[in-house]
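Asker: I am attaching a structure below and will ask some questions about it afterwards.
The values are calculated or read from the model by the stated rules, or taken from the named source; none is laboratory data. Only a predicted model underlies this, so the values are computations on that prediction, with no experimental measurement involved. Here the Cβ positions follow ideal geometry from the backbone for every residue, glycine too, while neighbour counts run over all protein chains shown. Keep in mind that these areas ignore ligands, DNA and RNA; they rest on the heavy atoms of the full protein, side chains included. Shrake-Rupley method; radii C 1.70, N 1.55, O 1.52, S 1.80 Å.
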Amino acid sequence: MLLTITNTHFPATDLGYLLHKNPARVQSVELSAGNAHIFYPEATPERCTVALLLDIDPVGLVRNNRGPAGDNFALEQYVNDRPYVASSFMSVALSKAFSTAMNGICKDRPELVEQPLPLEVTLSVLPARGGEAYLRRLFEPLGYQVQAEGYPLDEQFPEWGQSRYFTVTLRHRVRLRQLLTHLYVLIPVLDNDKHYWIGEHEVEKLLAKGAGWLQTHPEREGITRRYLKNLSALTRQAFASLEEGEPEDEAVEVPEEIRAKRQSLHLQRLETAFEALKTSGAKRVVDLGCGEGKLLRLLLRDRQFETILGMDVSARSLEMARENLKLDRLPEREGSRIGLIQGSLMYRDKRLAGFDAAAVVEVIEHLEPDRLAAFEKVVFGHARPGTVVITTPNVEYNQQYERLTAGTFRHSDHRFEWTRAEFSAWGEKVAAGHGYSVQFQPLGPEEPAVGAPSQMAVFTLTR
Ligand code: SAH
């Protein structure tokens with residue numbers, strides 16, 4: 001399998017500086033199951049091409065297979081197409097051979113890094129599940145002109161149809177470092193058969209390499225899912241980081257005085273939400289976006305609540321909740337009342353069914369406005385608890401905070417903040433659409449003109 005990158009911007013041999021690879025020399029890097037060779041088939045001032053050739057050892061490949069035990073059908077190991085096609089080995093080779101360039105570093109000619117160049121990439125042979133259409137959907141939104149030549153399954157029997165293998169040419173005026181990260185992420189996405197075992201660090205790698213383009217790519221969910229090969233917990237975690245940014249606690253630096261005010265406000269908010277859950281008479285409650293488990297702690301202290309579940313998208317928050325609630329040290333009788341699960345409010349989740357009440361405290365403002373509809377479906381359409389308690393900041397109050405001038409959000413990760421009117425309009429619409437009634441309540445000390453710092457809606461199922 002072969003990848004070539006051609007630059008035609010005069011002097012084209014600048015490519016050698018950008019890649020930190022001298023056009024006059026052949027170089028090799030070692031991979032877990034073979035080698036990659038880097039050389040320049042042509043290097044003139046008008047046109048310069050670098051080639052990355054993978055030389056995979058099929059026996060070493062099988063020996064080094066670190067997949068989950070029993071996951072591979074034994075025969076497949078010997079007849080698979082890994083050595084012959086550009087799979088995620090190409091990604092690994094790219095990152096090994098061109099890591100400095102991928103990170104946007106050019107020692108000798110730093111000014112070249114930010115310069116878009118007329119580049120042409122050829123990949124032979126690229127497996128593309130989803131065919132040419134999917135290939136285009138991945139590269140065209142990034143600005144590439146895509147040319148794909150497909151291969152029949154068997155030339156003697158054209159009626160067998162097309163294989164999933166293509167020779168692909170991509171053309172674009174783009175920075176080299178961007179082109180490399182696009183290839184790094186999207187080649188394994190097309191292949192969807194990553195050869196190495198996927199762990200937590202894969203998510204980080206994807207987010208780092210996808211920075212600046214994956215977030216706005218129309219296929220970002222498919223890319224993430226396929227890149228991570230449908231490992232649901234990891235996929236959700238990566239989606240959430242793409243969509244929600246970092247969790248609340250690690251955001252902006254805030255002066256002590258405001259921090260103290262916020263903390264006492266947050267406590268009030270939690271207590272009011274707690275009261276609403278209590279008066280609803282609920283026995284089974286779920287805290288959606290439970291964070292570090294502050295509300296869970298209040299709930300756990302009250303025996304009215306027989307089953308308590310905390311859900312959050314962030315593994316780190318859940319770990320802190322586990323720690324704060326001392327879950328590992330609770331006596332059996334207490335411990336059996338409470339559980340923590342990782343999940344995203346963007347996806348329908350059977351584990352959320354059957355609860356009397358749900359709390360969603362200071363969470364919705366972390367969701368992208370255009371994903372709120374998904375949240376509404378998940379909570380009000382599918383989970384359908386008898387009571388739903390939602391709190392969110394009141395943007396009108398922001399002028400009361402010294403550091404915040406009107407028009408600035410309270411928190412760097414908030415995607416929106418609503419006025420009281422906006423929150424009620426949304427709440428009324430959601431209630432009417434799903435058979436709930438709704439009541440609103442200010443949270444915290446009220447100012448005559450701007451209201452209270454936060455606001456709460458209590459939804460009650462009516463049908
Ligand atoms: N309810 C908690 C935490 C509020 S901070 C409290 O009041 O203390 C917002 C929380 O929402 C974070 O823990 C964040 O990880 C979580 N969150 C953000 N987007 C989410 C999503 N799509 N699904 C589930 N949780 C999410």
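Asker: Check segment 326-338 and report whether any residue there is closer than 17 Å to residue 460 by Cα, touching a Gly at 6+ places or on another chain (Cβ under 9 Å) and touching a residue at least 24 places away in the same chain (Cβ under 8 Å).
Answerer: No; the residues of segment 326-338 include none that is closer than 17 Å to residue 460 by Cα, touching a Gly at 6+ places or on another chain (Cβ under 9 Å) and touching a residue at least 24 places away in the same chain (Cβ under 8 Å).
Asker: Still on this structure: Can you tell which of 413, 370, 312 is within 16 Å of the ligand (Cβ to nearest atom), at pLDDT 90 or above and assigned by TED's automatic domain parsing to the domain that holds residue 280?
Answerer: 312
Asker: List the number of the failed condition for residue 331; all other conditions in (1) open to solvent by less than 10 Å² (accessible area, probe 1.4 Å); (2) more than 9 Å from the ligand (Cβ to nearest atom) hold.
Answerer: Tallying (1) open to solvent by less than 10 Å² (accessible area, probe 1.4 Å); (2) more than 9 Å from the ligand (Cβ to nearest atom), residue 331 fails exactly one: (1).
Asker: Mind listing whichever residues of segment 294-309 are near the ligand (Cβ under 8 Å from one of its atoms) and either of a type in the set (Asp, Glu) or open to solvent by less than 50 Å² (accessible area, probe 1.4 Å) (or both)?
Answerer: The one that is near the ligand (Cβ under 8 Å from one of its atoms) and either of a type in the set (Asp, Glu) or open to solvent by less than 50 Å² (accessible area, probe 1.4 Å) (or both): 295.
Asker: I'd like to check something: does segment 356-366 contain any residue that is in contact (Cβ under 8 Å) with a residue 40 or more places away in the chain, away from the ligand (no atom under 15 Å from the Cβ) and open to solvent by 50 Å² or more (accessible area, probe 1.4 Å)?
Answerer: yes
Asker: Give just the number: which of (1) part of a strand (DSSP E or B); (2) out of contact with any Gly (no Cβ under 9 Å at 6 or more places or on another chain) does residue 172 not satisfy?
Answerer: (2)
Asker: What are the residues in segment 1-42 that are modelled with pLDDT under 90 and of a type in the set (S, T, N, Q), if any?
Answerer: Across segment 1-42, the qualifying residues are 32, 35.
Asker: I'm trying to understand the selection: among the residues of segment 94-107, which are surrounded by fewer than 17 Cβ atoms within 10 Å (Cβ to Cβ) and either modelled with pLDDT of 90 or more or touching a strand residue (DSSP E or B) at 6+ places or on another chain (Cβ under 9 Å) (or both)?
Answerer: The answer is 96, and nothing else.
Asker: Filter segment 337-350 down to the residues that are out of contact with any strand residue (DSSP E or B) (no Cβ under 9 Å at 6 or more places or on another chain) and open to solvent by 20 Å² or more (accessible area, probe 1.4 Å), then identify the one that is farthest from the ligand (Cβ to nearest atom).
Answerer: 350
Asker: Quick check on my filter: what residues within segment 276-318 are of a type in the set (Val, Ile, Thr) and within 17 Å of residue 459 (Cα to Cα)?
Answerer: Once the filter is applied, which keeps residues that are of a type in the set (Val, Ile, Thr) and within 17 Å of residue 459 (Cα to Cα), segment 276-318 yields 279, 285, 286.
Asker: Okay, next question. Within segment 6-56, take every residue that is among the β-branched types (Val, Ile, Thr) and not in a strand (DSSP E or B) and give me the one that is nearest to the chain's Cα centre (by Cα).
Answerer: Out of the qualifying residues, it is 8.
Asker: Please enumerate the residues belonging to segment 17-31 that are over 19 Å from residue 2 (Cβ atoms) and surrounded by 15 or more Cβ atoms within 10 Å (Cβ to Cβ).
Answerer: Matches in segment 17-31: 17, 18, 20.
Asker: Which one is farthest from the ligand (Cβ to nearest atom) among residues in segment 379-400 that are open to solvent by 10 Å² or more (accessible area, probe 1.4 Å) and part of a helix (DSSP H, G or I)?
Answerer: The selected residue is 399.
Asker: Another question about this same structure. Residue 124 versus (1) in a strand (DSSP E or B); (2) closer than 25 Å to residue 11 by Cα: which is the lone unmet condition?
Answerer: Every listed condition holds for residue 124 apart from (2).
Asker: Select from segment 108-132 the residues that are open to solvent by 50 Å² or more (accessible area, probe 1.4 Å), under 26 Å from residue 46 (Cβ atoms) and touching a helix residue (DSSP H, G or I) at 6+ places or on another chain (Cβ under 8 Å) and list them in ascending order.
Answerer: Once the filter is applied, which keeps residues that are open to solvent by 50 Å² or more (accessible area, probe 1.4 Å), under 26 Å from residue 46 (Cβ atoms) and touching a helix residue (DSSP H, G or I) at 6+ places or on another chain (Cβ under 8 Å), segment 108-132 yields 108, 109.
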